[in-house]
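Asks: Quick one: the structure is below, questions incoming.
The values are calculated or read from the model by the stated rules, or taken from the named source; none is laboratory data. This structure is a prediction, so every number in the text was calculated from the model and none was measured. We place every Cβ from the backbone using ideal geometry, glycine too, and count neighbours over all the protein chains shown. Please note that ligands, DNA and RNA were not included when accessible areas were found on the heavy atoms of the full protein model with its side chains. Shrake-Rupley method; radii C 1.70, N 1.55, O 1.52, S 1.80 Å.
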Amino acid sequence: MENERKLEEFQQKIDANIKIEPKDWMPEKYRQTLIRQISQHAHSEIIGMQPEGNWLTRAPSLRAKKILMAKIQDEAGHGLYLYCAAETLGVKREQFLQWLHEGKAKYSSVFNYPTLTWADMGAVGWLVDGAAIVNQVSLQGTSYGPYSRAMVKICMEESFHQRQGFEIMVQLAKGTEEQKQMAQDALNRWWWPSIMMFGPHDSESAHSNQSLKWKIKRESNDELRQRYINKTIEQGHHLGLTFPDPNLKFNEETKNYDYSPIDWDEFWNVVKGNGPGNKLRINHHIKAHEDGKWVREAAKAYSKKINLSKKIA
Ligand code: FAQ
């Protein structure tokens, strides 16, 4: 009875758009869903640094290198905000990383594809960050306070990232025939993976109904995917590039672009760990984590020393 009353009050708060804060009562499933989603999101930001890090030493100019470095650094910051938000739910960072390394925690499927040319830096910024923004702008209104506030800060930086990518695409699309081909090839390879980022169709989405009711998610996977497609097609036309989908067509009735069926076999194959880069990404993360052990130990020892000297003073 007591629990039912609490659940009812909780739902009333959600319906009234009152944010849930870490010390508030929340249903255990709400807490678990947030732990899963926010930590997956954090892992995506950190693993997402790898495909772009691949091109840092080969950027075509000092300007391009500085901008790419700043962008990648921002992604590390996003990961940190999100791990902090997830930690408010009572799980320690070390645990999140252990789940990632053991393959128990997911990260976005899109980061398992390779970045083969410099044009991929354009396509990742334009398409992957572009898709991430559509999702994250919506998540600014999520019901959990710490997640919502992290999203506001992240969105400001993501819009700069998307422009960084689009600028590279503009330069290549307006360049030589060979450069235009590079841009087209990158669009061909990144288009479908970026569409898959939004997850399975609503009818197949295991968590959507409950997450929408609790306003953890504010819009469904398909609604967000369609918004991303509509806005990105216009940008692609501006570049003079074509999308790798013969069925892409504006539908006068729905005012949306229709698109071909998504290859869900490919999506699930990547999600289950068999994409082109899954093993590489995780092994690299494990190695970086092990290599950084001495830094974490030194930081801990230093903070202990500071606390001790504060006590003495
Ligand atoms: N990849 O029931 P749903 C970025 C899983 S950040 C892998 O629909 P949900 C910045 C899902 O976990 C990009 N797995 O799930 C950047 C679930 O499995 P589970 C990351 C996926 O949670 C740019 C199962 O499928 N953004 O890019 C994917 O309600 C450039 C059933 O799915 C976020 O994480 C996928 N794409 O909705 C950084 C945003 N999709 O956990 C560097 C926050 C679904 O039960 C460079 N997350 N799955 O085993 C969300 O909005 C949601 O979690 C969704 C999925 C929409 C991703």
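Asks: Within the range 212-260, how many residues turn out to be open to solvent by 60 Å² or more (accessible area, probe 1.4 Å) and over 30 Å from Leu34 (Cβ atoms)?
Replies: So the answer is 13.
Asks: Could you say whether any residue in the range 273-282 is within 26 Å of Glu102 (Cβ to Cβ), open to solvent by 100 Å² or more (accessible area, probe 1.4 Å), at pLDDT below 95 and not in a loop (DSSP other than H, G, I, E, B)?
Replies: Looking for residues that are within 26 Å of Glu102 (Cβ to Cβ), open to solvent by 100 Å² or more (accessible area, probe 1.4 Å), at pLDDT below 95 and not in a loop (DSSP other than H, G, I, E, B), one finds none in the range 273-282, hence no.
Asks: Considering each residue of the range 187-227, count those that are of a type in the set (Gly, Ala, Ser), closer than 18 Å to Gly165 by Cβ and within 8 Å of the ligand (Cβ to nearest atom), and give that number.
Replies: Qualifying residue count, the range 187-227: 0.
Asks: I want to confirm something. Restricting to the range 283-295 and keeping residues that are open to solvent by 90 Å² or more (accessible area, probe 1.4 Å) and free of Cβ contacts under 8 Å to residues at least 40 places away in the same chain, which single residue is nearest to Leu100 (Cα to Cα)?
Replies: Going through the qualifying residues, I end up with Asn283.
Asks: Right, something else. Within the range 14-35, restricting attention to residues that are touching a residue at least 24 places away in the same chain (Cβ under 8 Å) and open to solvent by 50 Å² or more (accessible area, probe 1.4 Å), which residue is nearest to the chain's Cα centre (by Cα)?
Replies: The residue in question is Arg31.
Asks: In the range 52-105, which residue that is away from the ligand (no atom under 13 Å from the Cβ) and of a type in the set (Val, Ile, Thr) is farthest from the chain's Cα centre (by Cα)?
Replies: Restricting to residues being away from the ligand (no atom under 13 Å from the Cβ) and of a type in the set (Val, Ile, Thr), the top hit is Thr57.
Asks: Just to be sure, is Asn3 closer than 11 Å to Trp214 by Cα and either basic (Lys, Arg) or surrounded by fewer than 18 Cβ atoms within 10 Å (Cβ to Cβ) (or both)?
Replies: Spelling it out, it is not the case that Asn3 is closer than 11 Å to Trp214 by Cα and either basic (Lys, Arg) or surrounded by fewer than 18 Cβ atoms within 10 Å (Cβ to Cβ) (or both).
Asks: So if I check each of Asp120, Asp129, which one is more than 11 Å from the ligand (Cβ to nearest atom), buried (at least 23 other Cβ atoms within 10 Å of the Cβ), not small (Gly, Ala, Ser) and not in a loop (DSSP other than H, G, I, E, B)?
Replies: Asp120
Asks: Which ones in the range 75-88 are in contact (Cβ under 8 Å) with a residue 60 or more places away in the chain and either open to solvent by 40 Å² or more (accessible area, probe 1.4 Å) or hydroxyl-bearing (Ser, Thr, Tyr) (or both)?
Replies: Tyr81, Cys84, Thr88 - these are the residues of the range 75-88 that are in contact (Cβ under 8 Å) with a residue 60 or more places away in the chain and either open to solvent by 40 Å² or more (accessible area, probe 1.4 Å) or hydroxyl-bearing (Ser, Thr, Tyr) (or both).
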